[in-house]
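I have placed the structure first, in the form of C-alpha cells, so that the comments after it can refer back to it.
The values are calculated or read from the model by the stated rules, or taken from the named source; none is laboratory data. Since the structure is predicted, the reported quantities are computational estimates derived from the model, not experimental observations. Using ideal geometry, Cβ is built from the backbone for each residue, glycine included, and neighbour counts are taken over all protein chains shown.
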Number of protein chains: 2
Amino acid sequence: MAVFTPVSIDEAKGFLAGYDLGEVVELTPIAEGVENTNYRLETANGRFVLTLFEGRTDEASLPFCLGLTAHLAARGFPCPTPIEDRAGAWLGRLNGRAAAVIEWKTGAWLRHPSEADQAAAGAVLARLHQTAAGFEIQRENPVGPAMWRRLADRCAAGASGEDRVLLDQVEAALARLGDVFGADLPGGPIHADYFPDNILFEGGQVSAVIDFYFGCNGAFAYDLAIALSAWGFDAEGRAMPGAIAAFQRGYESVRPLSDAERAALPRLGEAAALRFTLTRLHDRIFHDPSKLVTPKDPAVFLRRLEHWRAVETA
Amino acid sequence: MAVFTPVSIDEAKGFLAGYDLGEVVELTPIAEGVENTNYRLETANGRFVLTLFEGRTDEASLPFCLGLTAHLAARGFPCPTPIEDRAGAWLGRLNGRAAAVIEWKTGAWLRHPSEADQAAAGAVLARLHQTAAGFEIQRENPVGPAMWRRLADRCAAGASGEDRVLLDQVEAALARLGDVFGADLPGGPIHADYFPDNILFEGGQVSAVIDFYFGCNGAFAYDLAIALSAWGFDAEGRAMPGAIAAFQRGYESVRPLSDAERAALPRLGEAAALRFTLTRLHDRIFHDPSKLVTPKDPAVFLRRLEHWRAVETA
C-alpha cells in the first residue's frame, strides 16, 4: 500500500488551514502507487488528492513536475492540476514531507486495454508532447545514463544468484548500447513513466494522465519507447505486436515520427528496458522487508530488451 | 436559445487551431443562458464550453471575469477554469466576437432546491468570497447605481401602461433608498449574479458555480442580498422564509455576518430587487421581437422589494 507517512485528520486539517478548500470532511488512504503517500481528501469544496512526497521524489524537482501538470491542465490537457494555497503556492510541508493538494480526476486504469484503448493512450501521449512545448522549466532525467551507472554499481555490491545473472546481462547491454541519447532528436518535457496505471480511462476515453514525478526533459521518441515498453508487452515480458502497433499508430495519428525518430526507436526501447530493469533490480536487492510494497520482477523488463534488439537488427 | 452568433464546425476548427485541444469532434449549441453564445465543444482532449461574448458583456471586463474564475479554480473552488491557447491567452476572436474556451463542469441546476440545497449554495457563496480574497484585478459593478439611473432614464422614454406603473414604483424606491452602498462593509470580488441557474449540483453537492460575467468588486453582503433575492422567492415573487433562512444559515456557517452587515442586509435586498427589476423592465420595453429570448417579468422582482422593506421596518 502507498501510505509511507501516516497523516491524521487533525494533521490534515492543520495543513489545509492554509488553503481555501473549506472544512475537511474525510481523509482516506489510497492503496495504489509505490513512490509517494497519497490520501483521498474530501472537503467542502469537493474531492482532492493529498500527496506527501517520499524519499525517492527529489523536492527540487517538484516545481518542474507540478508546474508541468499545471501548464498542461491550463491548456485543456487531461491531467490533475495542483491546488494553490492562500499564498498561491503549490507546495507545503506536512509531517516532515513536502506535500501538495492535487485535483481529483475520475476514471480507472485499464488492466486489459483493447487495441482502441492502446491507440487512445498513444494519441494522448503525443498530445502531451505537443501541449508541453511552451513549458519553460528544465529538469534533467533523474534516471538517465549517469544514474544507470550508479544503480549498476550499487547493485554489483549486493547482487547474488539470479540477480547477479541479470546484472551481468544489464552490464553487457549497457556496454553494447553506448551513448543512446547522443542523436539530436526532437524533444521537450516528457512524462517518462507513461505506464497503464498512470493513465485513467472513463467512457472509453483517457480522463487523466497522472503521476508526473519522473517527468523531465528528453527526446519524445524515448518517452514513446518507454510507453511502448510498458503497454506493448504481457506480464511475462513477451511482446504483443498488435498492442505495440496500435499504440504507435495512435501516437502518430497526432504527431508523426520523423525518419530519424523511427530509426532510433528500437535502441531507445532497449534503453527503456534497461532503465526499468535496473531500478527494479536495485529495489529487489535492497528491498526493506518491513516495507509492505512487493518489489516488481526485473527479469520481465529485461526480456523486452530482446524484442527491441530483434527489431533493431531486422 | 442562446446562440446569437452562429459558429460552423469549420470556423470552430480554425479558431481552435490556436489551442492544444486536439481534433475537434463535435460542436453543439447550448440552449441555456441569455447573455452570450455558448457551444458544447467535444475535442480529442475532452468536453469544453466555447463562449462568444455578445453585446452586453463588455470585453474590457473579461480579464477580471476570466481571471477571477482561474484564481478560484486554482485554489480548488468549484468553478470552470478558462483554457489557455498556445500563447497562454484566454481570449481570442471568432466571428467578430471575443471568444474563450472554458472547462466543462458536470452537474445540473436545481429547479426546486431543498433547504439542504439552499444551505449548500449559501455555504459555497461564502467560500467564493473567502477564496476570491487575494484576487488583484478590480472591476466596478457594471450594473451599479449610475447604471440604474441610466436604465431608468432610458425606460422613461419608452414605458407605457404596466411598464410605466412599474417604473414609477422603481423611481419612488430609488429616491427613498438613497446611497445604499455608502456604508463601509467588508467586500472584494463578488459574483453579482448568483442565481440558481448559475449553480450546478451533482450528488447533492455544488459541482460548479458558472457565469461570472457580472462579477465585480462589491460588498459581500450585497452579493448575499442578490443571492437571497434569487433563491428565497417563488415564481410569483413571494418570499419563502424557510429558503431564505436556510441559504443565510449556510452562508454564515462559513462566513458569519458582522452586525453592520446584518443591519444592512434588508436595504441591500431592496437594492438587489431594484437592480433586477430595472434590467428586466429595460429588456422588456426595448425587446427586439426578432430575438428568440423571452423577456423575464420585472414585476415579480419588484415584489421582492416589499419583503425587504417589511424586514427593514420590522
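Worth pointing out:
- Residue ID - farthest from the other protein chains (Cβ to nearest Cβ), chosen from residues in the stretch B:96-111 that are surrounded by 15 or more Cβ atoms within 10 Å (Cβ to Cβ) and assigned to a loop (DSSP other than H, G, I, E, B): B:110
- Within the stretch A:70-80, the only residue that satisfies the criterion of being surrounded by fewer than 22 Cβ atoms within 10 Å (Cβ to Cβ) and within 7 Å of chain B (Cβ to nearest Cβ) is A:74.
- All of (1) assigned to a loop (DSSP other than H, G, I, E, B); (2) within 14 Å of chain B (Cβ to nearest Cβ); (3) touching a helix residue (DSSP H, G or I) at 6+ places or on another chain (Cβ under 9 Å); (4) surrounded by fewer than 22 Cβ atoms within 10 Å (Cβ to Cβ) hold for residue A:57 with one exception: (2).
- Of residues in the stretch B:35-54 being touching a helix residue (DSSP H, G or I) at 6+ places or on another chain (Cβ under 9 Å), in a loop (DSSP other than H, G, I, E, B) and not small (Gly, Ala, Ser), the one nearest to residue B:211 (Cα to Cα): B:53
- In the stretch A:171-210, residue farthest from the other protein chains (Cβ to nearest Cβ) [restricted to those that are assigned to a loop (DSSP other than H, G, I, E, B) and over 20 Å from residue A:277 (Cα atoms)]: A:182
- In the stretch B:40-54, residue farthest from the other protein chains (Cβ to nearest Cβ) [restricted to those that are surrounded by fewer than 22 Cβ atoms within 10 Å (Cβ to Cβ) and touching a Pro at 6+ places or on another chain (Cβ under 9 Å)]: B:40
- Residues satisfying the stated conditions in the stretch A:63-115, i.e. polar (S, T, N, Q) and over 20 Å from the mean Cα position of the chain (by Cα): A:95, A:114
- Taken over the stretch B:17-31, the residue count meeting the criterion of being more than 17 Å from residue A:120 (Cα to Cα) and facing chain A (nearest Cβ under 10 Å) is 1.
- Some residue of the stretch B:250-270 being closer than 14 Å to residue B:299 by Cα and under 16 Å from the mean Cα position of the chain (by Cα): no
- The one condition in (1) of a type in the set (S, T, N, Q); (2) outside the structural domain of residue A:266 (by TED's automatic domain parsing); (3) under 27 Å from residue A:285 (Cα atoms) that residue A:160 fails to fulfil: (2)
- Residue B:67 meets all of the listed conditions (1) surrounded by fewer than 20 Cβ atoms within 10 Å (Cβ to Cβ); (2) within 11 Å of another protein chain (Cβ to nearest Cβ); (3) closer than 23 Å to residue B:20 by Cβ but one, namely (2).
- Some residue of the stretch B:198-209 being surrounded by fewer than 24 Cβ atoms within 10 Å (Cβ to Cβ), without any contact (Cβ under 8 Å) to a residue 12 or more places away in the chain, of a type outside the set (A, V, I, L, M) and out of contact with any Asp or Glu (no Cβ under 9 Å at 6 or more places or on another chain): yes
- If you go through the stretch A:112-142 and keep only what is assigned to a loop (DSSP other than H, G, I, E, B), touching a residue at least 40 places away in the same chain (Cβ under 8 Å) and away from chain B (no Cβ under 14 Å), you end up with A:113, A:137, A:138, A:139, A:140, A:141, A:142.
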